[in-house]
1. Of the numbered conditions (1) basic (K, R); (2) out of contact with any Gly (no Cβ under 9 Å at 6 or more places or on another chain); (3) over 25 Å from I362 (Cα atoms); (4) in contact (Cβ under 8 Å) with a residue 12 or more places away in the chain, K413 satisfies every one except a single condition; which is it?
2. Please enumerate the residues belonging to the range 385-410 that are over 16 Å from N312 (Cβ atoms) and in contact (Cβ under 8 Å) with a residue 60 or more places away in the chain.
3. Only residues in the range 179-193 that are free of Cβ contacts under 8 Å to residues at least 40 places away in the same chain count as the first member; pair them with residues that are among the β-branched types (V, I, T), Cβ under 6 angstrom, at least 6 apart or cross-chain, and list the lot.
4. So which residues in the range 5-56 are among the charged types (D, E, K, R), within 24 Å of E145 (Cβ to Cβ) and not in a helix (DSSP H, G or I)?
5. Among the residues of the range 390-418, what is the count of those that are surrounded by 16 or more Cβ atoms within 10 Å (Cβ to Cβ) and within 24 Å of S331 (Cβ to Cβ)?
6. Starting from the range 327-346, keep only residues that are assigned by TED's automatic domain parsing to the domain that holds R242, then list their pairs with residues that are at pLDDT below 95 and part of a loop (DSSP other than H, G, I, E, B) whose Cβ atoms are within a distance under 8 Å, requiring at least 6 positions of separation or different chains.
7. For the range 479-498, name all the residues that are within 17 Å of L361 (Cβ to Cβ) and either in contact (Cβ under 8 Å) with a residue 24 or more places away in the chain or in contact with a strand residue (DSSP E or B) (Cβ under 8 Å, 6 or more places away or on another chain) (or both).
Amino acid sequence: MNDTDPDQLLFSSLIEINYDRRFIRIAQNFVERLSELAGASQSESLQVSLLVEECLAFIINKYIDCRVSAHIELCFKVTADKTVRIDIIDIGPPIHEHMIPSFDITDERSDAGLWYKLVRGLSDEFAFMNQLKDGWRLHIAKKIERITFSASGNGHPEAGALAERDQTLGEKHTRSATVADIPAIIDLAYMTYRYSYIFKELYDGKHLKTQIEEQRCDIRLIEHGRKVIGACAFKYSDAQHRWAELGSAMIAPEYRNSRASALIMREVNDYVRANPYHCEFFMSHAMTTHIRSQKMLGKVHQGFKPLMLGLNMAPRPEFIGLNHQRGGRESGLCVYHPNDPLKVPRLYTPSIKHLEIIQALIANLGSAIEIVPEFSAPENQETGLSIQQQDSVQFAKISVESLGPDWFTALSKKIFTAIVSGIESVVVTLPASRPLPRELDRMLTDLNLIFCGLSLQSLERLDYAYCLSTQPVDFSRIQLYEPVAQKLLLQMEQSYYAQGHRSPTP
């Protein structure tokens, strides 16, 4: 059973009831009223109600739980194909296999078989799935003759769409955000992503206030009248504005077919060209579920260029109103826009086998840097490591500043500690401006690390990057636009399977 296409969803509503038969009638009232709101006839509403009653009674009777201290979740959806869809999820304590009653729903002589025949007869879709740690999920769908619900509330879907289109017409303008705009920015983030955006500070008013007041974050807004309908942000690395990350591009769903997208592009282009704080470079994490953001960033000023691909870097956000792949983790393509020529005379390759892709990435960046295939044993010094851990997205970046004789042991401990704490994706960066140990690449491979490109630290410094993911990587879901990025992906995929990983199960 596939998730509901967001473009087809008319409305949804959620209720949680206690794990007790006395609450079944409350759930029935809930689905009856919502069915009527959707446009169902009285007969159709009663059939939906009967389906819910039978399914809840079956779950509660067959899987005895701890009553009022647990709950069952019921999600009601109406889609444009004239269908009521209901998901019932039992998320109480786990059920041990030896405690589950034995029954055969295909045997119509049994109570379970009769129940199964009834719900199959009343519904147009039916599925009963064990989601392991996420409980049991029972999905039912029922076709209804007509839909009268519309977002405008007037009972005519066409009129609602026209009214919404009319509301987006008119002149739009751009400006810089102030502290007074923070509530509107948070509302826009919610309307764009709900609460799925990976950088949670976008919902934190106090954090945004500090960032704006300290000039650590420049947010450009698009307004329609007095309404904030779009935004993008330049988040600076420190008070010295050494470099900035472009991100948080948002457009309210109802304005995505207006000029708002073009205005966002113009603002980004003008800001990067002006470079008001004279930072060394801009960077961004481009989406890889699609190539739209990559193409747009490639057109900004002199173009953002790909240097690194981090596998499964963060949870995939939900884009409200877009047909977008959801669930799982998103691989991030790191793209860079140097504002001056790089001042790196040469790099020392970590392995001869990466020489070609390193040269291709550097050439695509527009730099002429000598890549030297030279190696050296670790210096007799202490290994210097630092870690930036983002627990909210289960991601960590480990920077190797210097390699001593114990570098492998020290790095292994850092990676192991991060993974034990719940980190699912790790990027390791290593200095590229001096010769590295000859066995470094092989030893990193032993840690399941894969060479994934370069990381720009400053105009004077480039680092090599390796990454690992504790979760399987589905390379078929990574879409890249530029040929050099595609070449990097192909090499990474070959390295991944050479380590013994298997393809994800379809």
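1. With respect to (1) basic (K, R); (2) out of contact with any Gly (no Cβ under 9 Å at 6 or more places or on another chain); (3) over 25 Å from I362 (Cα atoms); (4) in contact (Cβ under 8 Å) with a residue 12 or more places away in the chain, K413 is out only on (4).
2. Once the filter is applied, which keeps residues that are over 16 Å from N312 (Cβ atoms) and in contact (Cβ under 8 Å) with a residue 60 or more places away in the chain, the range 385-410 yields only S399.
3. Filtered contacts from the range 179-193: V179/I212.
4. D5, D7
5. 13
6. If the second residue must be at pLDDT below 95 and part of a loop (DSSP other than H, G, I, E, B), no pairs are left.
7. Within the range 479-498, L480, Y481, E482, V484, A485, K487, L488, L489, Q491, M492, S495 qualify.
Here is a yes/no grid of residues against (1) hydrophobic (A, V, I, L, M, F, W, C); (2) surrounded by fewer than 19 Cβ atoms within 10 Å (Cβ to Cβ):
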residue: L9; (1), (2): yes, yes
residue: I17; (1), (2): yes, no
residue: R22; (1), (2): no, yes
residue: R25; (1), (2): no, yes
residue: V31; (1), (2): yes, no
residue: L34; (1), (2): yes, no
residue: L37; (1), (2): yes, yes
residue: Q42; (1), (2): no, yes
residue: L50; (1), (2): yes, yes
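The values are calculated or read from the model by the stated rules, or taken from the named source; none is laboratory data. Since we're looking at a predicted model, the values are computed, not measured. No Cβ is skipped: glycine too gets one built from the backbone with ideal geometry, and neighbour counts run over all protein chains shown.
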